[in-house]
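Input: a single structure, listed below in structure tokens.
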Amino acid sequence: MTSFLRQARTRYSNLNRNSRILLIFFSAVFMLLCYYSSREIQSYPEEIIEQHVVKSSNGVYKIPKGPLPSVNLVVAATSKEDYSWVKDLKVPGMVVVPYIADNTSAPHHAVKNKGHEAMMYHQYFYDFYDNLPDISILIHSQQLSWHVEQLLDQSMIFSINHLDLREVQRRQFVNLRVTWGIGCSTLSINTTKVTEESGNQPEQKEMQEAFRANFNIYDIPEILATPCCSQIAVKKEKILSVPKEQYKHHINWLENTHLPDSISGRTWEHMWQYLFMQKSIDCPLEHKAYCRLYHICFGGREQYDEWIELMQGREKLERELRKVREDEEKSKADLSIAQKKHNEEQKKKEEQAKKDKKEFKKTEWKQEKNEAAENAKKKMKEWLEEELKSVKEAIRVRKEVAVVRGSVESNRVAEGEDLYGDEMEPGVEAKILPPPTTTKGAGGAEGTGVRGSGYGGGVRI
Ligand SMILES: *[C@@H]1O[C@H](CO)[C@@H](O)[C@H](O)[C@H]1NC(C)=O
Ligand SMILES: *[C@@H]1O[C@H](CO)[C@@H](O)[C@H](O)[C@H]1NC(C)=O
């Protein structure tokens with residue numbers, strides 16, 4: 001506890017200084033932006049999408065001319081789920097295509113309610129094969145969920161409204177999730193572990209068979225790694241690079257596999273990058289991916305890591321505060337029980353005295369107090385509350401600065417270069433993932449495991 005306090009106190013004094021510096025920086029950037037352009041910072045979609053940059057083959061960035069890409073938003077839902085929040089999306093011209101798992105009368109539906117979103121995504125690729133927009137975004141029906149990053153407010157509306165469609169076109173296939181915590185740094189899949197039970201990943205021991213059945217190959221990559229959760233965006237060309245009949249093959253597999261529904265659906269979380277990119281590992285560096293894909297640019301790896309530390313600090317403080325508050329509630333409850341007991345005893349004694357015709361004098365209940373201990377607790381609580389407030393403020397300011405920085409094209413170009421990392425990147429010391437396997441086109445994974453943030457995770461369902 002004391003070392004935690006010491007740590008937190010150091011952080012506190014740093015924070016004040018840092019947030020002041022950041023505020024000054026933020027104001028300066030803001031003024032510059034206002035000076036150079038009359039664009040509103042908050043109204044992203046139209047203007048910013050229009051000026052998104054793409055990198056052409058000779059390595060030069062340019063602003064593309066011509067119309068915006070056409071977009072389908074494929075929402076995988078059950079008939080009970082409410083996805084009416086999609087009306088708040090602001091991507092110009094986007095068409096919403098709901099796919100319903102459990103209603104074969106719905107205009108778009110799964111052949112069978114099996115395999116979760118994977119079944120519906122494949123059905124969409126199959127059904128729309130000859131009628132695809134430039135970009136297809138495929139998501140679950142929930143607007144708020146732990147599947148979406150904390151930095152993106154865990155909100156699908158925020159994510160999609162900030163998604164850089166030009167970047168999706170450039171990369172051709174993107175995982176909407178960025179953090180490595182589930183799927184890249186930890187909980188990647190080792191396909192050779194066919195006999196080992198894994199509580200967090202019941203699908204791991206089925207992966208080899210699933211992969212073989214879906215792709216009809218013998219030489220299976222040992223490691224499959226990509227951020228979790230199966231929410232993706234794919235360019236038309238990539239969808240068409242897979243023969244139409246292959247989607248049917250995947251649908252048939254999902255329909256006929258003996259694997260439980262939830263497991264078969266989850267095996268696909270680890271296979272989309274292979275289907276579209278022939279990569280077994282696809283883990284872009286987090287801060288670069290945020291910058292390029294969502295225009296939240298912290299300025300570099302170190303600054304991003306600092307933000308993560310702040311988030312972890314916030315979590316720790318929240319945990320501590322919760323504990324203090326629970327203690328407080330508990331002692332309140334204990335107190336009221338003691339009082340009640342005292343009153344009951346008094347009543348009994350009074351009745352007895354009446355029976356015995358004796359005089360009875362009530363003793364008032366007196367709370368035993370340890371004032372020093374109580375004051376210490378109160379001080380602790382106040383201190384934690386103050387601390388939490390300043391950490392939250394620092395988080396807010398840093399994010400706002402990152403958003404402003406990300407709205408400037410040249411910043412994105414500078415920070416987002418080499419999405420998968422390079423030698424100069426600080427902290428790329430340990431390559432946790434093995435070199436690419438013999439499978440053709442298997443992607444290399446750069447970056448470190450430890451730096452990947454696990455804070456966005458949660459209990460899987
Ligand atoms: C199934 O879809 C049809 C057509 O959209 C609709 O009329 C019907 O109410 C739906 N059934 C359920 C149970 O949602
Ligand atoms: C995958 O698991 C096997 C054991 O089944 C182990 O020998 C191998 O080292 C693991 N691969 C990696 C990259 O961890």
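If you take the residues of region 199-219 that are in a loop (DSSP other than H, G, I, E, B) and not β-branched (Val, Ile, Thr), which of them is modelled with the lowest pLDDT?
Initial filter on region 199-219 (in a loop (DSSP other than H, G, I, E, B)): 199-203, 216-219.
Keeping just the survivors that are not β-branched (Val, Ile, Thr) gives 199-203, 216, 218-219.
Numbers: GLY199: 82, ASN200: 85, GLN201: 89, PRO202: 92, GLU203: 93, ASN216: 93, TYR218: 87, ASP219: 90.
Within region 199-219, the match that is modelled with the lowest pLDDT is GLY199.
Applying the selection to region 263-302, what residues are closer than 23 Å to ARG171 by Cβ and of a type in the set (S, T, N, Q)?
If we filter region 263-302 for residues that are closer than 23 Å to ARG171 by Cβ, which is where we start, we get 268-301.
The answer is GLN273, GLN278, SER280.
Which numbered condition trips up LEU317, out of (1) under 25 Å from LEU187 (Cα atoms); (2) not in a loop (DSSP other than H, G, I, E, B); (3) not β-branched (Val, Ile, Thr)?
Of (1) under 25 Å from LEU187 (Cα atoms); (2) not in a loop (DSSP other than H, G, I, E, B); (3) not β-branched (Val, Ile, Thr), only one is false for LEU317: (1).
Quick check on region 228-242. Is at least one of its residues among the acidic types (Asp, Glu) and either open to solvent by less than 60 Å² (accessible area, probe 1.4 Å) or not assigned by TED's automatic domain parsing to the domain that holds CYS184 (or both)? If you could, list the steps in order and put the result at the bottom.
Our first condition is that a residue be among the acidic types (Asp, Glu); within region 228-242, this holds for 237.
Add one more test, that the residue is either open to solvent by less than 60 Å² (accessible area, probe 1.4 Å) or not assigned by TED's automatic domain parsing to the domain that holds CYS184 (or both), and what stays is none.
No.
Return yes when GLU255 is under 26 Å from LEU165 (Cβ atoms), acidic (Asp, Glu) and either within 16 Å of ligand 1 (Cβ to nearest atom) or open to solvent by 50 Å² or more (accessible area, probe 1.4 Å) (or both) and no when it is not. Let's see the steps before the verdict.
Details: under 26 Å from LEU165 (Cβ atoms): no; acidic (Asp, Glu): yes; either within 16 Å of ligand 1 (Cβ to nearest atom) or open to solvent by 50 Å² or more (accessible area, probe 1.4 Å) (or both): yes.
For GLU255, the condition - under 26 Å from LEU165 (Cβ atoms), acidic (Asp, Glu) and either within 16 Å of ligand 1 (Cβ to nearest atom) or open to solvent by 50 Å² or more (accessible area, probe 1.4 Å) (or both) - is not met.
Output the residues belonging to region 389-425 that are hydrophobic (A, V, I, L, M, F, W, C) and either closer than 15 Å to GLU306 by Cβ or in contact with a Lys or Arg (Cβ under 7 Å, 6 or more places away or on another chain) (or both). Steps first, please.
Filtering region 389-425 down to residues hydrophobic (A, V, I, L, M, F, W, C) leaves 391, 394-395, 397, 401-404, 408, 413-414, 419, 424.
Once the filter is applied, which keeps residues that are hydrophobic (A, V, I, L, M, F, W, C) and either closer than 15 Å to GLU306 by Cβ or in contact with a Lys or Arg (Cβ under 7 Å, 6 or more places away or on another chain) (or both), region 389-425 yields VAL391, ALA394, ILE395, VAL397, VAL401, ALA402, LEU419.
Among LYS323, LYS349, which is over 44 Å from the mean Cα position of the chain (by Cα) and farther than 28 Å from GLU286 by Cβ? So that I can check it myself, show each step before the final result.
On the way: LYS323 fails: over 44 Å from the mean Cα position of the chain (by Cα).
The match here is LYS349.
Within region 380-431, work out how many residues are assigned to a helix (DSSP H, G or I), modelled with pLDDT of 90 or more and of a type outside the set (Val, Ile, Thr).
26
Only one of these is of a type outside the set (Lys, Arg) and without any contact (Cβ under 8 Å) to a residue 40 or more places away in the chain: ASP219, ASP164, ASP134, ASP153. Name it.
Details: ASP219 fails: without any contact (Cβ under 8 Å) to a residue 40 or more places away in the chain; ASP164 fails: without any contact (Cβ under 8 Å) to a residue 40 or more places away in the chain; ASP134 fails: without any contact (Cβ under 8 Å) to a residue 40 or more places away in the chain.
So the residue among ASP219, ASP164, ASP134, ASP153 that is of a type outside the set (Lys, Arg) and without any contact (Cβ under 8 Å) to a residue 40 or more places away in the chain is ASP153.
Given the criteria buried (at least 21 other Cβ atoms within 10 Å of the Cβ) and out of contact with any helix residue (DSSP H, G or I) (no Cβ under 7 Å at 6 or more places or on another chain), does LEU317 qualify? Spell out the reasoning first.
Working: buried (at least 21 other Cβ atoms within 10 Å of the Cβ): yes; out of contact with any helix residue (DSSP H, G or I) (no Cβ under 7 Å at 6 or more places or on another chain): no.
In short, no.
The values are calculated or read from the model by the stated rules, or taken from the named source; none is laboratory data. Here the structure is a predicted model, which is why all the values come from computation and not from measurement. Every residue, glycine among them, receives a Cβ derived from its backbone with ideal geometry; neighbour counts consider all protein chains shown. Remember, those area values only see protein heavy atoms, side chains included, never the ligands or the DNA or RNA. Shrake-Rupley method; radii C 1.70, N 1.55, O 1.52, S 1.80 Å.
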